[in-house]
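Engineer: First the structure, then my questions, so here it is.
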Amino acid sequence: METVLTAPRVLDTSELADFDSVARAHRPAIFRFLLASLRDPDAAENLTQECLWKAYRARASFRGEASVKTWLMQIAVNLLRNHVMNARLRFWQRTARSGVDATIAGDWLADERGSPESMAANRQMVAAVWNAAEKLPERQRTVFLLRFVEEMEILEIAAATGMKEGTVKSHLFRALETVRSRVEGIR
Amino acid sequence: MEAPLAAFRGTVRDWSAQQMRPAARVRQATFFSGWLRVAFAAGALALVAGFGIDWHFRQVEAAARADQALLESVDAEIARPVPASLAPLANLMSSSDSTNINSEGLAR
């Protein structure tokens, strides 16, 4: 299957003139990515605010080399990395104590069509993906979430994470293998 | 893997939409609005100062009027008509203002 790579849209710097609109448009995606990474709504909220604040302060120096979303995700990825490094032990303790239970995540199942049996099977699959993603190494999890939750292209993910395109593909391949083996294990 | 990943994506999106708090507004401060703020503050200060000075002078005028009224009432109290029997003395007192009076208070 041919992989179509789309180059990121060159930013029109006037888009940042109305930062309120920018924040409103992209805040859900930033929060979602951080929440899926940290499994902690409070920490995700704090980092989201910090991300938007950093972006606001840096808006004048931005050169427009990437899309707004990619640029904001780059800031979010760096904040996430620093947060995890600075609080690694606390992070894992918090995840173990109050992290989202996969069964709770399954309650938010998007597609509720189908029989109770198929819905239960879907919930199991979601839980399997959720648990597999949690156990991924940090970089693989970041790439996995940006690709399959935020639906970003490989080049955008590379720009956001500072990785090379080949490295992104490698992480994505390994992450997908791990998740697949977990999902197929329950079938 | 398409179906599990799509279900996972939908779940994460729904969950995060429920967890997200309302956004705080990022207010954009511009150079122009900064000068506006300074001008407004200066104008407000001048207005307050103007009111204060005006109030002060009004208070001074009111006090002066009150003093004048008090003096007039005092004068009215103490300036009684001289009894007829003392009229020559009153005349003497009023004329002594303009006559020669030596250092011992005796008329020359």
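The values are calculated or read from the model by the stated rules, or taken from the named source; none is laboratory data. Since we're looking at a predicted model, the values are computed, not measured. Cβ placement follows ideal geometry from the backbone for every residue including glycine, while neighbour counts extend to all protein chains displayed. Note: areas computed on protein heavy atoms with side chains; ligands, DNA, RNA excluded. Shrake-Rupley method; radii C 1.70, N 1.55, O 1.52, S 1.80 Å.
Engineer: Name the single residue that is most open to solvent (accessible area, probe 1.4 Å) among those in the range A:141-162 being more than 12 Å from chain B (Cβ to nearest Cβ) and acidic (Asp, Glu).
Structural biologist: Checking each candidate, the answer is A:Glu153.
Engineer: Can you give me the number of residues within the range A:105-135 that are modelled with pLDDT of 75 or more and surrounded by fewer than 19 Cβ atoms within 10 Å (Cβ to Cβ)? Let's see the steps before the verdict.
Structural biologist: Pass one, the range A:105-135, residues modelled with pLDDT of 75 or more: A:115-135.
From the residues that got through so far, the ones that are surrounded by fewer than 19 Cβ atoms within 10 Å (Cβ to Cβ) too are A:115-121, A:124, A:131, A:134-135.
Of the residues in that region, 11 qualify.
Engineer: OK, next. What number goes with the only condition from (1) in contact with a Leu (Cβ under 9 Å, 6 or more places away or on another chain); (2) away from chain B (no Cβ under 14 Å); (3) crowded, with 19+ Cβ neighbours inside 10 Å that A:Glu165 does not pass?
Structural biologist: Status for A:Glu165: all satisfied but (3).
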